[in-house]
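Student: Attaching a single structure in structure tokens format; questions to follow.
The values are calculated or read from the model by the stated rules, or taken from the named source; none is laboratory data. Just so you know, these numbers come straight off a predicted model, no measurement behind them. Here Cβ is always computed from backbone atoms with ideal geometry, including for glycine, and neighbour counts include all displayed protein chains.
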């Protein structure tokens, strides 16, 4: 059986091989890995479906999971979720893989959220507010901005990538701005979205470092302290903990806002990575279910399949299950032990339970978001406003493009 996934790092691939070995010995099924870049998953699934070479199982991003919804089994992931126990998962994690009709397209494997990291030292020294509101973010950025001395107020994504859409969503969702209304109509041209585009565009235009800012720019610019405020996914706490601190106390210079308390709500953008089963033959589907249950096993504590996998990337591979998050086995890892207690006790779980993303409105799911983001319509809109175009005009024209695309 083939496992399609996007853990292209060799250490992670080796770890998956090791995790699979006991299962292979027990079942007699050989697990082959097909690792490709995350961005290429939707194309890979489409071409495999057309060629009749779909793998038996997969680890997929939320976007890839829903883009492949036509060839993904509902029955098998639902069985695995029910075998583990629906109550074992955070409600919001299951909501992210719900197909909108009471079935699950995937089994949540790990979850991460968008954050706003900042220098707590700089904030206190300059008597600035915590940047967890629009006003607080702007006040902080304005105070820190000194471009003549190569110092910038903030770093928000602005390049031609999905990272820009990802970062923008935290701000838009906090203003209750969405791509779809609850009936599935495009509402990208609503006032709430115009306001979000205006604010985000102005922050980038007035306070960002020059040029297009992408995911690869965050680390070097932050480490050089050219900015004291930025937005990134929660893996940022791993880099600070792993490379800048030997103890929890060493992290006193750093903090992050896990939720943005915007004009309308307190929320963030989130991602649930899941395992799933494709619509293949019954024997392969049975093996897929068996492997996913093995993958989620915590028998053996720190050395168990699931805990050892989560420990491959602390801060990014956050368990979508409260019992795992609270367990001694999960916390028994060098980097995680340096986290502040409140991060793992309250902050990260609270972010998971309040995360949102475009394409979902409560229990309603609008898979067409995959076509919209895949064509970079949101990224293009954000970049146009950053370049100085009128937000209302951009929102209106982009909404029309979205309607033309999905109708």
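Residue-wise test of (1) under 30 Å from residue 247 (Cα atoms); (2) in contact with a strand residue (DSSP E or B) (Cβ under 7 Å, 6 or more places away or on another chain).
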residue: 326; (1), (2): yes, no
residue: 333; (1), (2): yes, no
residue: 355; (1), (2): yes, yes
residue: 380; (1), (2): no, no
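Student: Sticking with this structure for a sec: Based on what the data block shows, is residue 389 more than 23 Å from residue 269 (Cβ to Cβ), without any contact (Cβ under 8 Å) to a residue 12 or more places away in the chain and part of a helix (DSSP H, G or I)? Spell out the reasoning first.
Tutor: Values: more than 23 Å from residue 269 (Cβ to Cβ): yes; without any contact (Cβ under 8 Å) to a residue 12 or more places away in the chain: yes; part of a helix (DSSP H, G or I): no.
Judged against the criteria, residue 389 is not a match.
Student: Please work out if residue 118 is surrounded by 20 or more Cβ atoms within 10 Å (Cβ to Cβ), assigned by TED's automatic domain parsing to the domain that holds residue 166 and either part of a loop (DSSP other than H, G, I, E, B) or over 18 Å from the mean Cα position of the chain (by Cα) (or both).
Tutor: It is true that residue 118 is surrounded by 20 or more Cβ atoms within 10 Å (Cβ to Cβ), assigned by TED's automatic domain parsing to the domain that holds residue 166 and either part of a loop (DSSP other than H, G, I, E, B) or over 18 Å from the mean Cα position of the chain (by Cα) (or both).
Student: Continuing with this model, one more query. Consider segment 252-281. How many of its residues are surrounded by fewer than 19 Cβ atoms within 10 Å (Cβ to Cβ), touching a residue at least 24 places away in the same chain (Cβ under 8 Å) and not in a strand (DSSP E or B)?
Tutor: 6
Student: Let me ask something else. Of the residues 394, 382, 347, which is under 27 Å from residue 111 (Cβ atoms), modelled with pLDDT of 95 or more and in contact with a helix residue (DSSP H, G or I) (Cβ under 6 Å, 6 or more places away or on another chain)? Lay out the reasoning, then the answer.
Tutor: On the way: 394 fails: under 27 Å from residue 111 (Cβ atoms); 347 fails: in contact with a helix residue (DSSP H, G or I) (Cβ under 6 Å, 6 or more places away or on another chain).
382 is the lone residue from the list that is under 27 Å from residue 111 (Cβ atoms), modelled with pLDDT of 95 or more and in contact with a helix residue (DSSP H, G or I) (Cβ under 6 Å, 6 or more places away or on another chain).
Student: In the same structural domain as residue 275 (by TED's automatic domain parsing), out of contact with any helix residue (DSSP H, G or I) (no Cβ under 8 Å at 6 or more places or on another chain) and at pLDDT below 95, is that true of residue 43?
Tutor: Numbers: in the same structural domain as residue 275 (by TED's automatic domain parsing): yes; out of contact with any helix residue (DSSP H, G or I) (no Cβ under 8 Å at 6 or more places or on another chain): yes; at pLDDT below 95: yes.
Considered against the rule, which asks whether it is in the same structural domain as residue 275 (by TED's automatic domain parsing), out of contact with any helix residue (DSSP H, G or I) (no Cβ under 8 Å at 6 or more places or on another chain) and at pLDDT below 95, residue 43 comes out as yes.
Student: Next question. Please give the helices (runs of 4 or more DSSP H) falling wholly within segment 160-245 in which 3 or more residues are within 20 Å of residue 357 (Cα to Cα), touching a helix residue (DSSP H, G or I) at 6+ places or on another chain (Cβ under 6 Å) and modelled with pLDDT of 95 or more.
Tutor: The helices (runs of 4 or more DSSP H) meeting that bar are 162-174, 191-207.
Student: Which residue out of 386, 378 is under 17 Å from the mean Cα position of the chain (by Cα), closer than 21 Å to residue 171 by Cβ and buried (at least 18 other Cβ atoms within 10 Å of the Cβ)?
Tutor: Going through 386, 378 in turn, the sole match is 378.
Student: Of all residues in segment 288-307, which are out of contact with any strand residue (DSSP E or B) (no Cβ under 8 Å at 6 or more places or on another chain) and either assigned to a helix (DSSP H, G or I) or not assigned by TED's automatic domain parsing to the domain that holds residue 58 (or both)?
Tutor: 290, 293, 294, 301, 302, 303, 305, 306, 307
Student: What single numbered condition from (1) surrounded by fewer than 16 Cβ atoms within 10 Å (Cβ to Cβ); (2) under 22 Å from residue 181 (Cβ atoms); (3) modelled with pLDDT under 95 fails to hold for residue 404?
Tutor: Just one mismatch for residue 404, condition (3).
Student: Could I ask something else about it? Taking residue 104 as the residue in question, decide whether it is under 24 Å from residue 280 (Cα atoms) and modelled with pLDDT of 95 or more.
Tutor: Values: under 24 Å from residue 280 (Cα atoms): yes; modelled with pLDDT of 95 or more: yes.
Yes.
Student: Something else about it: Looking at segment 361-372, which of its residues are outside any loop (DSSP other than H, G, I, E, B) and buried (at least 21 other Cβ atoms within 10 Å of the Cβ)?
Tutor: Answer for segment 361-372, where residues must be outside any loop (DSSP other than H, G, I, E, B) and buried (at least 21 other Cβ atoms within 10 Å of the Cβ): 365, 369, 372.
Residue by residue, here is whether (1) in a helix (DSSP H, G or I); (2) more than 18 Å from the chain's Cα centre (by Cα) holds:
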position: 309; (1), (2): yes, no
position: 313; (1), (2): no, no
position: 333; (1), (2): no, yes
position: 345; (1), (2): yes, yes
position: 348; (1), (2): yes, no
